[in-house]
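What follows draws every value from the coordinates through simple rules; no lab data is involved. A quick note: this is a predicted structure, and the numbers were derived from the prediction, not measured. No Cβ is skipped: glycine too gets one built from the backbone with ideal geometry, and neighbour counts run over all protein chains shown.
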Amino acid sequence: MELSLFWTAVYIVILAAFTGYVVISRVPVILHTPLMSGSNFIHGIVLIGAMVALGLATTPGQQIIGFIAVVLGAANVTGGYVITERILQMFDSSRKKPGKGD
Amino acid sequence: MVDLSYLIDPVYIATIIIFIIGLQRMSHPLTARSGIVWAGAAMLIATLVTFLTPELTNFALIAIAIVIGGGLGYIAAKRVAMTDMPQMVAIYNGMGGGAAAGIAAVHLLGTTTPATSTLAVIGGLIGAVSFSGSMIAFMKLQGWMRPRPITFPGQQVVNMAVLALAALSGILLLWQPSFLPVAFSAYLPLFFVLSLAFGILMTLPIGGADMPVVISMYNAFTGLAVGLDGFSFATPNYAMVIAGIIVGAAGTLLTVLMARAMNRSIANILFGAFGATEETAVEIQGSIKSIEADDVAAMLAYANSVVIVPGYGMAVAQAQQKVKELMDQLESRNVTVKFAIHPVAGRMPGHMNVLLAEAGISYDHLFDRDEINQEFPGTDVVLVIGANDVVNPAAHREGSPLFGMPILDVEQARNVIVLKRGQGRGFSGIENDLFYRDNTRMLYGDAKETLGELVQAIKRL
């Protein structure tokens, strides 16, 4: 990585960190669980990296580790999504109970 | 095949934008559900477009791995009970960390530049720690391991030594000095074994009650590992970098909020082995007095205001549905029912909110510690269901291990009823002063059964 690329990386990391901070900072306590599990899902983006790592793997060692990485990444993505969706579904249905809600 | 790889970057950029919008929508109860659906759609498209990456081979292997991992993840997440959510979040965090460590390992086995391999080493270390640490957290929450802190003499020294050795092997891996007798290839397994060992050692001394902080911290770790790993590719994968760093920052913030709710520093949570030592030498005045369900039923039915404090015990007993029935009974008798939610009640951030929502209790009944605390002096009956440390007035007493932790001041209510399975202590292992107060009565038994009895008794009144 050249020096200019290094600074590009620093810009990106700082801006992404601020974005994460700002997006999350106003979340009410009630949503802490879905938020945590939602961000759990978001880091499931590791799957696309694992796919590329396995897809470009040449030696058997790389293929085995890459395969495991894709399995883990895929489990992270689907599991994270399903759990978050289930939790939020409950918040939805608890709102729709008649007579209550704001 | 037509080269469609020019689609990858635009799709990744769109994915990131939708992730951010999705997260933002998830920070409001009304739009939260659409947020995750948006993010899910973006993830699916990003995954599909990744198959267009130039020079990609091993398509069959990739597809098989996705089917296996995705299938297992889907089935497990669909089947798990709501009360087991904390350990599921922990295990998926760990898997993300493991995948990040795997990517780092693949890159370190291949051709790298000094910059990409440095980031692979750092990302690999953090990912491996998150993987093994999350697995320990999972086992503790699942009950496969004692949830109490596991300590041994010189633990901190050993842990730090293992971390230092892991870092050293990482440096040797990058540096590849020619004067050392061990071949380069020996450092890679060594580096990962040491990193994994550190994750295990770091999590062993952390007790069950601190799990909300730990889960949230490993969430941040995995995010950070994924972000750094994004730079370990020959062409940086900016989708991974940005999504990972966003999660890292968000997770760190959530971890800090959790720690603050317990009035403890993160260092204290990680290294304090909280609850391992027994508090001695404090004489608690008074005695523990128990009460029968019928008397409690009468007390609740003729009260004006009742505040229910749920804790991990409610989750263990799966009692949330019975809590809802009790609330309905009381409300039909014009008793005001409110729920006091401590930020760290349960085993993950917001755990109680999720369970009560599952039972169909709308969230305008739920109140944060700050909102409800001044109301306790005017409350007739407080019903504590399987909560312990978060209502322990010892937090106000200097010298107690809990000192300074913001608690729910339930002892100020006219009557306090504590539903408890047995006479054991909370996860912190600290004796609870509340149980000895004059206005406190203990109602022993399984929370679900006891609540059922209460509902029946109130119906009979």
(message) Compute the angle between helix A:46-55 and the longest alpha-carbon principal axis of chain A, please, reported from 0 to 90 degrees and rounded to the nearest 10.
(response) 30 degrees
(message) Averaged across orientations, what area in nm² does the convex hull of the alpha carbons in chain A project?
(response) 9.1 nm²
(message) Under 18 Å between alpha carbons, and skipping anything fewer than 8 positions from residue B:459 in its own chain: which aspartates and glutamates qualify?
(response) B:292, B:294, B:295, B:325, B:328, B:331, B:449
(message) Just to confirm my numbers, what's the Cα centroid distance between the range B:318-334 and the range B:203-238 in Å?
(response) 39 Å
(request) Determine the shape class of the range B:284-383: with a ≥ b ≥ c the square roots of the Cα gyration tensor eigenvalues, call it rounded for a/c under 1.5, and otherwise prolate if a/b is greater than b/c, oblate otherwise. (result) rounded
(message) What is the distance in Å between the Cα centroid of the range B:155-173 and that of the range B:61-85?
(response) 34 Å
(message) Given points 7 Å out from each Cα along the Cα-Cβ axis, report the residue B:267 to residue B:397 separation in nanometres with one decimal.
(response) 2.9 nm
(request) Obtain the nm distance between the two label points defined at residue B:51 and residue B:287 by a simple spin-label model: each point lies 7 Å from its Cα along the Cα-to-C-beta direction. (result) 7.4 nm
(message) Can you give me the Kirkwood hydrodynamic radius for the range B:302-341, using every pair of distinct Cα atoms, in Å to one decimal?
(response) 10.6 Å
(message) Take residue B:298 and residue A:15, extend 7 Å from each Cα along the Cα→Cβ direction, and tell me the distance between the two endpoints in nm.
(response) 7.0 nm
(request) Could you compute the FRET efficiency for residue B:260 and residue B:461, with r as their C-beta to C-beta distance and R0 at 35 Å, rounded to 0.05? (result) 0.20
(request) Would you mind calculating the gained length between residue B:44 and residue B:449 on full extension (0.36 nm times residue separation, minus the Cα-Cα distance), in nm to one decimal? (result) 141.4 nm
(message) Could you give the length gained by full extension between residue B:13 and residue B:371, i.e. 0.36 nm per residue of separation minus their alpha carbon distance, to one decimal place?
(response) 124.8 nm
(request) When a/c is below 1.5 the answer is rounded, else prolate if a/b is larger than b/c, else oblate, so apply that to the range B:7-157 with a ≥ b ≥ c taken from the square roots of the Cα gyration tensor eigenvalues. (result) oblate
(request) Go ahead and estimate [θ] at 222 nm for chain B from helices alone: -39,500 (n - 2.57) per DSSP H run with n ≥ 4, summed, over the residue count, rounded to 500. (result) -18500 deg cm²/dmol
(request) Calculate how steeply helix B:447-460 sits against the longest principal axis of the alpha-carbon atoms of chain B, using the helix alpha-carbon long axis, and give the answer as 0 to 90 degrees to the nearest 10. (result) 40 degrees
(request) Kindly express, to the nearest 10 degrees and within the range 0 to 90, the angle between helix B:114-142's C-alpha long axis and the longest C-alpha principal axis of chain B. (result) 30 degrees
(request) Kindly provide the Kirkwood hydrodynamic radius of the protein assembly as shown in Å, to one decimal, from all pairs of distinct alpha carbon atoms. (result) 24.5 Å
(request) Kindly give the semi-axes, whole Å and largest first, of the ellipsoid equivalent to chain B, taking each as the square root of 5 times a Cα gyration tensor eigenvalue. (result) 47, 27, 16
(request) Please say if the range B:117-220 is rounded, prolate or oblate, where rounded means a/c under 1.5 for a ≥ b ≥ c the square roots of the C-alpha gyration tensor eigenvalues, and otherwise the choice is prolate for a/b larger than b/c and oblate otherwise? (result) prolate
(request) Taking amide H positions as placed in the peptide plane 1.01 Å from N, state which residues far from residue B:308 in sequence (5 or more) or on other chains have amide H under 5 Å from it. (result) B:338, B:339, B:340, B:383
(request) Calculate the tail of P(r) for the range B:356-461: the fraction of all Cα-Cα distances greater than 21 Å, expressed in %. (result) 41 percent
